[in-house]
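The values are calculated or read from the model by the stated rules, or taken from the named source; none is laboratory data. Computed from a predicted model, the values in this text were never measured in an experiment. No Cβ is skipped: glycine too gets one built from the backbone with ideal geometry, and neighbour counts run over all protein chains shown. Keep in mind that these areas ignore ligands, DNA and RNA; they rest on the heavy atoms of the full protein, side chains included. Shrake-Rupley method; radii C 1.70, N 1.55, O 1.52, S 1.80 Å.
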Amino acid sequence: MPLSPEEPQIHESAQGPRVTTATGRPASTPRPVPGPRTAATPRPGRPVPGPARGPARPAPPVQRTQTSGGKAPAARQENRSAPQVQLIPASTDGALDAAGEAVDLLLDSGRAPGDVLVLTTGEQHPWAAHELSFGEASYWAQHEARDDVFYADADVAERAAARPVVVVAVNGGGDDVLTRALPVARERAGALLIVCGDPNRVNAVLGAGV
């Protein structure tokens, strides 16, 4: 069902934190393209050296059972419920800033950086462009490592693996781009899908059965 625009909020079930932003958002400011990355320059999502965050919660061990005939049972089909969907109203120019604020709140509330995937429907996120400057192999190796927030263009979202939280910044692209991007983003989101963009455009797609 379409979502009603409200003050920017981030809700998660017992699988994650529940965060509410302060009323109002400061005027959007351009985010500078990152300079060359060095050992002293952490990638996005990695905290600046200081009090260490707790380690990410390990996945529960796989339960193995055996049938009476001594044969291993067929693989159990995963029963994953649909993720919660949160709409954060934002203009096309302000979508990246809104997504950045959402990521900051998630990390501050305890989410591990590797839990978060950020997709853009228009111009590439500066961090995606920065990391791609080191080459495709290095870029996707970071994705596989899952130790940082991963930024990607919505056009390559199908190549990205699922993560607990997916944030979509609707910072451009036509309705056809958004129509393709949101279903993929929802499939990749394990617990929470956050969409930062124009409520009318987002709800038009969500109301179409996304």
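The rows are residues; the columns are (1) without any contact (Cβ under 8 Å) to a residue 24 or more places away in the chain; (2) within 26 Å of ASP176 (Cβ to Cβ).
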{"position": "ILE88", "(1), (2)": "no, yes"}
{"position": "GLY100", "(1), (2)": "no, yes"}
{"position": "PRO113", "(1), (2)": "no, no"}
{"position": "LEU117", "(1), (2)": "no, yes"}
{"position": "GLN124", "(1), (2)": "no, yes"}
{"position": "LEU132", "(1), (2)": "yes, yes"}
{"position": "SER138", "(1), (2)": "yes, no"}
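Answer yes or no: is there a residue in segment 128-140 that is of a type in the set (Phe, Trp, Tyr) and part of a loop (DSSP other than H, G, I, E, B). Steps first, answer last, please.
Within segment 128-140, the first condition is being of a type in the set (Phe, Trp, Tyr), and the residues that meet it are 134, 139-140.
Checking which are part of a loop (DSSP other than H, G, I, E, B) leaves us with 134.
There is at least one residue in segment 128-140 that is of a type in the set (Phe, Trp, Tyr) and part of a loop (DSSP other than H, G, I, E, B).
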Checklist entry - With respect to the numbered conditions (1) in contact with a helix residue (DSSP H, G or I) (Cβ under 6 Å, 6 or more places away or on another chain); (2) of a type in the set (Asp, Glu); (3) surrounded by fewer than 18 Cβ atoms within 10 Å (Cβ to Cβ), which one is the sole condition not fulfilled by ASP148? => result (3)
Checklist entry - Mind checking which residues of segment 163-203 are under 19 Å from ALA82 (Cβ atoms), in contact with a helix residue (DSSP H, G or I) (Cβ under 9 Å, 6 or more places away or on another chain) and of a type in the set (Gly, Ala, Ser)? => result ALA181, ALA185, GLY190, ALA191
Checklist entry - Is one or more of the residues making up segment 143-154 farther than 18 Å from ARG188 by Cβ, in contact with a Phe, Trp or Tyr (Cβ under 8 Å, 6 or more places away or on another chain) and without any contact (Cβ under 8 Å) to a residue 60 or more places away in the chain? => result no
Next on the checklist: Among the residues of segment 119-142, are any open to solvent by 30 Å² or more (accessible area, probe 1.4 Å), within 17 Å of PRO83 (Cβ to Cβ) and modelled with pLDDT of 95 or more?
Outcome noted: no
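I'd like the full set of residues that are open to solvent by less than 10 Å² (accessible area, probe 1.4 Å) and modelled with pLDDT under 95, limited to segment 161-178. Let's see the steps before the verdict.
Let us first name the residues in segment 161-178 that are open to solvent by less than 10 Å² (accessible area, probe 1.4 Å), namely 163, 165-170, 178.
Matches in segment 161-178: LEU178 only.
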